[in-house]
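S.K.: Before I ask anything, let me first share the structure, which is written out below as structure tokens.
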Amino acid sequence: MAAYWQALERRIERTSALPLHLLFHFIEDGNIGDPVYTISSMQTFIRLFPRATSISICLGTLEEHFPELISLVDNAEIFHADRVHTARVDVDDETFSRKILSAIPNVEVLEAEQLDIDQWFIDAPTAGHRLHSLQISNYWFEISLVTLLDLLDRAPLLETLKLGQVSITPSVGSLRAVTHTLLSTFHLASVRADENDAIFEHLTLPALRSLSFKGSYSYQPEFWPRPSNIAFLRRSGCMLTELAFCRCQIDEKRLSELLTAQKSLVTLQLNLLADDKGGGCDIPIPMSILELLSTKPKGASDRPLPALEVVRVVVLPRQLKAVKRLIQSRSADQAKKCRIATLREVDIHVHAKQRDSEIKKEEHAAMFEAFVNKGVAIRISYKD
């Protein structure tokens, strides 16, 4: 084994200038996963690769060994040479997680579980100032709206912000509005209506290009988009290219209003929620929205969504003819006549009983075969 490490060290010396990603992933499952060996390996690799610019640490049940790991962070060159630009941190121990994050305040791309933003700012006063991308997936961890707005102030270079399973707590009293001029991707998952309103009433994002809402099966579903979303988009004056509504019910009138105003939207995804009790499955897209995407509304001068190229929807079998009309209305010939983009990709998720879907699969495929032959990428999947 010693000869192996010596050979590895010699090879590392020859390639020391190359960018490197270190991944430490520990899963304890019966006889799989030895925490002592995991820590020893981390110590060795962190010593051997002090020039690593990217690190991923995903550790589960190592609680009794976290003091050793904290000592490792304290003494490892990688955490003190300002080289780590990309990091993923998924650690059960809050103290160890804080230790790692406080050691990399200049990180540019960060994906973190259990990230206490307020504490990160206390531990590392300069944290966030170089952030370009931040993804937080705290399991129902609470972040105050004040903290979220402070984060955007501290991270002027931030371009991507994704918040999953994070509870945004509205703050008491008046808050100043924040305009962020570079944020182009903003994704929210498991967000309630009151949290949504609190966020979007205080934000202006003129550079926003990708906006995604994903509801939660745990909450009473709300109707989306909210009036605050429409007001936010008007105020921001942004040119969206991607929009997604998932696991939420749709207000058809407001969604039609929102879509009609989008001149640059390229990708639209609508995977909706089953019922007003949080049924845990998707429902088909409303026919009125399919018709809006397929035709020019009465009295309108132009077709809605002239830049649309990618559509992802959930439909019932009886709605497939409407989807076919949608594709036909945006085929190359029709698109040229109407001066709109050609539809190039369609994902169709069909809700049908398994037996019915097995019987109809060939028929459904034949329905769209002519479009596939003309270069449209059409994928059809089925779910009960």
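The values are calculated or read from the model by the stated rules, or taken from the named source; none is laboratory data. All of these numbers come straight from a predicted model, not from anything done at the bench. Using ideal geometry, Cβ is built from the backbone for each residue, glycine included, and neighbour counts are taken over all protein chains shown. With ligands, DNA and RNA removed, areas are computed over all heavy atoms of the protein, side chains included. Shrake-Rupley method; radii C 1.70, N 1.55, O 1.52, S 1.80 Å.
S.K.: At a Förster radius of 35 Å, what calculated FRET efficiency corresponds to the Cβ-Cβ distance of Glu68 and Leu182, to the nearest 0.05?
M.R.: Efficiency, rounded to the nearest 0.05: 0.30.
S.K.: Go through Cys248, Cys338 and list them by solvent-accessible area, largest first, probe radius 1.4 Å.
M.R.: Of Cys248, Cys338, the descending order of accessible area is Cys338, Cys248.
S.K.: Counting only protein heavy atoms and a 1.4 Å probe, tell me what percentage of region 220-263's accessible area is made up of carbon and sulfur.
M.R.: Of the solvent-accessible surface of region 220-263, carbon and sulfur hold 51 percent.
S.K.: Probe radius 1.4 Å, ligands and nucleic acids ignored: give me the carbon and sulfur share of the accessible area of region 137-206 as a rounded percent.
M.R.: Here it works out to 53 percent.
S.K.: Report the FRET efficiency, 1/(1 + (r/R0)^6), for Glu345 and Leu175, where r is their Cβ-Cβ distance and R0 is 45 Å, rounded to 0.05.
M.R.: Computed FRET efficiency for Glu345 and Leu175 comes out at 0.65.
S.K.: Going by amide H atoms built from the backbone, whose H comes under 5 Å of the H on Cys248, apart from near neighbours?
M.R.: Those qualifying (amide H under 5 Å, at least 5 residues apart or on another chain) are Gly215, Leu273.
S.K.: Where a Cα-Cα gap under 30 Å defines reach, which lysines qualify for Lys99, not counting those fewer than 8 residues away within the same chain?
M.R.: In chain and number order, the partners are Lys162.
S.K.: Further question on the same structure: Got a sec to turn the phi values of region 116-128 into Karplus ³J(HN,Hα) couplings, 6.51 cos²θ - 1.76 cosθ + 1.60 with θ = phi - 60°, whole Hz, x for Gly and Pro?
M.R.: Ordered by residue, 3J(HN,Hα) equals 8, 4, 4, 5, 4, 5, 6, 5, 9, x, 9, 4, x Hz.
S.K.: Around Glu108, which amide H atoms from residues at least 5 apart in sequence, or from another chain, sit under 5 Å from its own amide H, with H modelled in the peptide plane?
M.R.: Under 5 Å from the amide H of Glu108: Thr86.
S.K.: Taking amide H positions as placed 1.01 Å from N in the peptide plane, with prolines and chain starts having none, which residues 5 or more places from Val191, or on another chain, fall under 5 Å of its amide H?
M.R.: Those lying under 5 Å, H to H, from Val191 are Lys214, Ser216.
S.K.: Nearest 0.05, what FRET efficiency do Ser301 and Ala332 give at R0 = 22 Å with Cβ-Cβ as r?
M.R.: 0.45
S.K.: Next question. For the pair Asp123/Asp90, report the inter-label distance in nm, with labels modelled 7 Å from Cα in the Cβ direction.
M.R.: Here the modelled spin labels are 1.9 nm apart.
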